[in-house]
Number of protein chains: 2
Amino acid sequence: MAQATSLRVEAARGDRPLDLLIEGATLVNVFTREVYPADIGIAGGYIVHVGAPTWQGPEPLARLQAHGKFALPGFIDTHVHIESSMMSPAEFAAAVLPHGTTTVVIDPHEVANVAGLRGVRYMLRATADLPLRVALQVPSCVPAVPALETAGAEFGPQEIAEMLSWERVIGLAEVMDYVGVIGQGERMRHILDAALERGVVISGHCPGLSGRELAAYIVGGPDSDHEGLGYEELLGKLRLGMAVEARVSSFSESITMLGAIVRQLGFAPPNLVMCTDDIFPPDLARCGHMDHVVRRAIAAGFPPVDAVRTATLHGAQRHRLYDRGALAPGKLADILLVSDLSNPRADEVLVGGQLVARAGRMVVPLPQATDDLERENTVRLPRPPAAADLALRARPGQQRERVRVLSLVPGQPRGLETIELPVRDGVLDTSATPDVCLIAILERHGRTGGSSLALVKGTGLQRGAVASTVAHDSHNLLILGHTPGDMALAAAQIASWGGGLCCVEGGRVLAGVPLPIAGLMSPRPLHELAPLVDALGQALQGLGMPGPNPLGTIFGLALPVIPRYGVTDRGLVDTATQAFIPLWADEE
Amino acid sequence: MAQATSLRVEAARGDRPLDLLIEGATLVNVFTREVYPADIGIAGGYIVHVGAPTWQGPEPLARLQAHGKFALPGFIDTHVHIESSMMSPAEFAAAVLPHGTTTVVIDPHEVANVAGLRGVRYMLRATADLPLRVALQVPSCVPAVPALETAGAEFGPQEIAEMLSWERVIGLAEVMDYVGVIGQGERMRHILDAALERGVVISGHCPGLSGRELAAYIVGGPDSDHEGLGYEELLGKLRLGMAVEARVSSFSESITMLGAIVRQLGFAPPNLVMCTDDIFPPDLARCGHMDHVVRRAIAAGFPPVDAVRTATLHGAQRHRLYDRGALAPGKLADILLVSDLSNPRADEVLVGGQLVARAGRMVVPLPQATDDLERENTVRLPRPPAAADLALRARPGQQRERVRVLSLVPGQPRGLETIELPVRDGVLDTSATPDVCLIAILERHGRTGGSSLALVKGTGLQRGAVASTVAHDSHNLLILGHTPGDMALAAAQIASWGGGLCCVEGGRVLAGVPLPIAGLMSPRPLHELAPLVDALGQALQGLGMPGPNPLGTIFGLALPVIPRYGVTDRGLVDTATQAFIPLWADEE
């Protein structure tokens, strides 16, 4: 450290050539909110000079002309699940760096649910040598609800404490179990204590919380949120000093409402930061990454400089990453050059003073990660399901069954209905109710080998089947379909890939996305992956699934933390009472 | 920790009575810059509720009516030397708490120069049980210039590292040796490395630095400054992301200029904080403490809410004290109630939810510190000087001497003049030059027993003598006077007190301030101490010393880091070349 610092000091004072001088830029100053011409000198990966556009030291080793361009700090995504991009960390980096995202704070919640500590270690290893700076928050809720589902791992206080001691681990990730925090349930309390004792940042997740419950949640430890949507909720959380993570994800966006709040307050409060949370490959390919969030912020009414501050300095301060988030001496040389400050797109992206992307494309090779976990098939079923395994059998002797059905209505909590179905050859017959289909969740972590079979109404799927090993949060094998045969085919296809998404109709695979890394991620680059995911989405739409985001519907079906009902590998669940519900309406 | 958190969470959610409910207040929100009515609920020393003015939980254990008052967070002084107040830490706390200062970040630079690690430990012990929250930064330059003076201790990298491991030690204090930082001198580099390796805040001190030198200084580690005065310098440092510590001290103020900058920028940048640095007892008694800085800020053009933010949230974030600086759930219940937001004076001051001061007076007793160091006489002279020791003798056989004289001209660097003086009875006779007097510096730490004797012109002292063990930075015994007899009397008086200030004329003590704690601090409360210091100042003015702050002149005479010349226990020094200068003009 000593020597590296000394070399940078020598370069700063002009006794050693700069590695790079960026000339002619217009600096966006995130401290003072000013915009003015300044050159930027870089040595040893850090900024060592920001000043009047005439460097008077010795001839720099390289120069970069930035006349007519604005220089901004690299964007900081304060909360993102790389797994949602369905890309390996390396390919994720290649996809987001050209969009100006130079630091991400990741929550490897999904891979942790599949592979536990190994999964988290994998994310650290796979990001160690990337030009993207990756800090990690420890997944706090693995599994989301231990009593209701079988994940690939369970994190208690000891695992949390162990991970918090690892390098580049900077906090506890979104504490979704707000009921546990507010109620000070034993599991949550001990997990929070592990983080409180170390004094690390504890991130939150508390949609809709307000008043005394919200205060109790904050007092319990977590002090951020990215779930709020409404005006009152968002402003209320800002007022309470929570780090409000303005989000533009594939599921949801809060930036429009926050733009109205910023306009009203006249500035972006220091506790307002930005994140992408979950972005699917097609959205990433079409819209971009943090640059898209910033553009949306500006469109929503953020003054451009405040949008930049929010995406840089505020995020750095939130996560206590003091070495970045601004263009100033002593900061890491993570720098974007953009031509239009009101519609920023990165012409050049520098990380640690190295040009890594230009005109939307990477210009440096990425290390090709070769990791045990990447070569491992994590779809551990006792055997691939046969069609017969996926038929919903009536109880012996029944001619008709009154059965409970998970019911989806857009914009409403997931409900439960009771319907009566005929029985044919011992199997419930849904052929007369095309809005009802089968759902199977197969434990795929090699732990119980168990599975559940139920019915769901309102997915929109009219024919065929779709299967996925992306199935929040335990990421068991989820199969949705109208015929056990199509369902079995989709499952077999996925099992052979080691995970992924597959759409089948009439014994024919319509579309598929292999996700061999933990059943969640692909080693393919974005330009190959996004078309596959798009094709799968189109296939699903062809089978009747509505809306722009049928994948979101499928991925969330097994999530036992969404009100009010759900289905896991262990059966139908009431997420409010955290109890199982019998399939048959005449059973309690 | 677990249990305490749980109790607070229970109170927050309304399942346990609040300890205190502050009702009817108008909240100053330092996040959103809004001001609106809100009640504040407190439990276990923390804020657990901030909300609509109707608490709906169980009956609180106590209520505090705050109708018509503004509630603000307690003020945070980001840089202060308690020793400059000449009070013990306990009496300092009693003096500043009624002024709304609830957290101070101290640099025990003076006591460290006298008593080394023991002195720093003393400051930690003496502040451990105070209602004032005291965090400590490690003095970085003890002594200021090792080659030129004899201090009571020397701190190298090992001592720095040891202190950084102590509780409540949060960083490295003002790194004054900017030449050492920029030049990467060995001593300074190792001291900085000790701090850089631990990732703690490194505070700076770099008056007048700009351009490449300033960048080199920041790149070297320190990233704050409280010395800047001019518009260009202050704005320049803000632009570079330095924590600019707006200062109102007994010597200097930068708040007026910063007010102009805040008006121009339209807001107070997040890296602008506030400090008092050095405040003498009379100023503290007359003007107040951090409340005075805030009032001065408002008078200088800070919007009141921005002045409050700067004095609270910004300071907390600067020093990474995430548990304070705002009125929000989960923060320490350090709260001020003031009637006039544009001229804030604390009607009530709460620390950790306890009322500690009301209407300018403490309402809780302070622990009476009894510490070894407080009972120890740190004025360790071989023997008190006799008058003959303080006579400046000519070289043998000389009838006249051409002698170098330290020369003070207001607003200019300290100069050096040569004057010719007659010799009478072997002693230089200054009786015909009343603007020239003797200056003696006696090493008083029991280390060398050495002393120096020289002449100084332009102090304004016309008659008599003054002595002080407050003599930056080594705090040796400084004696200024016209007759060796008066000088010896002043020194003897101070030695008997164990340190302090004393003014003598014609064999009579005119005024004195005993400072028995390390020769720097008094155990007396402010209301007793301030009049003594005032009387001493008046006595000095009576002896001809000009201006409002003669003490400042005296205290700085032995400081070897002020351009361009000075005098230490080892003789006349050139502070630029760090070399000694012979007294006699015909010697080189």
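The values are calculated or read from the model by the stated rules, or taken from the named source; none is laboratory data. These numbers come from a predicted model, not from an experiment. Counting neighbours? That spans all protein chains shown, and the Cβs are built from the backbone with ideal geometry, glycine included. Protein only, heavy atoms only, side chains kept; ligands, DNA and RNA dropped before computing areas. Shrake-Rupley method; radii C 1.70, N 1.55, O 1.52, S 1.80 Å.
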**Request:** Please give the direction-averaged projected area of the C-alpha convex hull for region A:507-555, in square nanometres with one decimal.
**Result:** 3.9
**Complete:** Given backbone amide H placed at 1.01 Å from N, residues whose amide H is under 5 Å from that of residue B:69, ignoring those fewer than 5 places away on the same chain, are B:26
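If I take R0 = 60 Å and measure r between the Cβ atoms of residue B:260 and residue A:562 in this structure, what FRET efficiency does the formula 1/(1 + (r/R0)^6) give, to the nearest 0.05?
Numbers: r = 54 Å, r/R0 = 0.90.
In this case the efficiency is close to 0.65.
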**Asked** Label-to-label distances across copies for residue B:544, with labels 7 Å out along Cα→Cβ, in nm, shortest first?
**Response** 10.7
**Message:** Leaving ligands and nucleic acids out of the surface, order B:418, B:54, B:312 by accessible area at 1.4 Å, largest first.
**Reply:** B:54, B:418, B:312
**Request:** Would you please calculate the Kirkwood hydrodynamic radius of the protein assembly as shown over all C-alpha pairs and express it in Å, rounded to one decimal?
**Result:** 32.8
**Message:** Could you tell me what a quarter of the Cα convex hull surface of chain B works out to, in nm² with one decimal place?
**Reply:** 26.0
**Fill in**
Expressed in angstrom and rounded, the centroid-to-centroid distance over alpha carbons for region B:260-327 and region B:412-445 is 43
**Asked** Excluding same-chain residues fewer than 8 positions from residue A:331, which lysines have a Cα within less than 19 Å of its Cα?
**Response** B:237
**Prompt:** If you take the beta carbon distance between residue B:375 and residue B:354 as r and set R0 to 30 Å, what does 1/(1 + (r/R0)^6) give as a FRET efficiency, to the nearest 0.05?
**Reply:** 0.50
**Item:** 222 nm mean residue ellipticity, helices alone, for chain A (DSSP H n ≥ 4; -39,500 (n - 2.57); rounded to 500)
**Value:** -8500 deg cm²/dmol
**Fill in**
Other residues with Cβ under 10 Å from the Cβ of residue A:334 give, with Lys and Arg +1 and Asp and Glu -1, a net charge of +2
**Request:** Please give the average number of partner chain Cβ atoms lying within 10 Å of the Cβ of each residue in A:329-342, rounded to a whole number.
**Result:** 2
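At a 1.4 Å probe radius, which order do B:569, A:177 fall into by accessible area, largest first?
Most to least solvent-accessible, the answer reads A:177, B:569.
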**Prompt:** Can you give the average number of partner chain beta-carbon atoms within 10 Å of each beta-carbon in peptide B:24-36, as a whole number?
**Reply:** 4
**Asked** Which ³J(HN,Hα) values in Hz, rounded to whole numbers, follow from the phi angles of region B:168-185 under the Karplus curve 6.51 cos²θ - 1.76 cosθ + 1.60, where θ = phi - 60° and Gly and Pro get x?
**Response** 6, 9, 10, x, 9, 7, 2, 7, 6, 7, 5, 4, x, 5, 5, x, 6, x
**Request:** Mind checking A:12-19 for the average number of partner chain beta-carbons within 10 Å of each residue's beta-carbon?
**Result:** 4
**Fill in**
The set of residues whose placed amide H lies less than 5 Å from the amide H of residue A:172, leaving out same-chain residues fewer than 5 positions away, is A:138, A:201, A:202, A:203
**In sequence order, calculated HN-Hα J values of region A:424-432 (Karplus, 6.51, -1.76, 1.60; Hz; x Gly/Pro)** = 10, 6, x, 10, 5, 10, 9, 5, 8
**Request:** Wrap a convex hull around the Cα atoms of region A:226-290, take a quarter of its surface area, and give that in square nanometres.
**Result:** 4.2
**Request:** Counting only DSSP beta bridges with both residues in region A:1-106, tell me the antiparallel percent, nearest 5.
**Result:** 55
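Around residue A:371, what is the net charge, scoring Lys/Arg as +1 and Asp/Glu as -1 over all other residues with Cβ under 13 Å from its Cβ?
It works out to a net charge of 0.
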**Request:** Between the alpha-carbon centers of region B:180-226 and region B:503-548, tell me the distance in whole angstrom.
**Result:** 37
**Request:** Percent of Cα-Cα pairs per 5 Å bin, from 0 to the last occupied bin, for region A:334-475, please list those.
**Result:** 2, 7, 11, 13, 11, 9, 8, 6, 8, 9, 6, 4, 3, 2, 0
**Request:** Per residue of region B:125-140, in order, report the coupling 6.51 cos²θ - 1.76 cosθ + 1.60 (Karplus, θ = phi - 60°) as ³J(HN,Hα) in whole Hz, putting x for Gly and Pro.
**Result:** 4, 6, 10, 5, 10, 7, x, 6, 8, 10, 10, 10, 9, 6, x, 9
**Asked** Packing-wise, with mean Cβ within 10 Å as the measure, how do A:351-358, B:424-431 rank, highest first?
**Response** A:351-358, B:424-431
**Message:** Quick check: with the 1.4 Å probe, what order do A:245, A:59, B:167, B:23 take by accessible area, largest first?
**Reply:** B:167, A:59, B:23, A:245
**Prompt:** So how exposed is residue A:532, as accessible area in Å² (1.4 Å probe, rounded to 10)?
**Reply:** 50
**Prompt:** For region B:1-151, what's the radius of gyration and Dmax over Cα atoms, in angstrom?
**Reply:** 20.3, 67
**Message:** Assume the label is 7 Å from Cα along Cα to beta carbon: what separations in nm does residue B:211 have to the matching positions in the other copies?
**Reply:** 6.4
**Asked** Residues with beta-carbon under 12 Å from that of residue A:418, excluding residue A:418: net charge, scoring Lys, Arg +1 and Asp, Glu -1?
**Response** -2
**Complete:** Compactness summary of region B:234-341: radius of gyration and Dmax from Cα atoms, Å, are 13.6, 38
**Message:** Nearest 5 percent is fine: what portion of the DSSP beta bridges confined to the protein assembly as shown is antiparallel?
**Reply:** 70
**Complete:** For residue B:18, other-chain or 5+-apart residues with amide H closer than 5 Å (H placed, Pro excluded) are B:61
**Request:** Could you tell me what percent of the DSSP beta bridges with both partners in chain A are antiparallel, to the nearest 5?
**Result:** 70
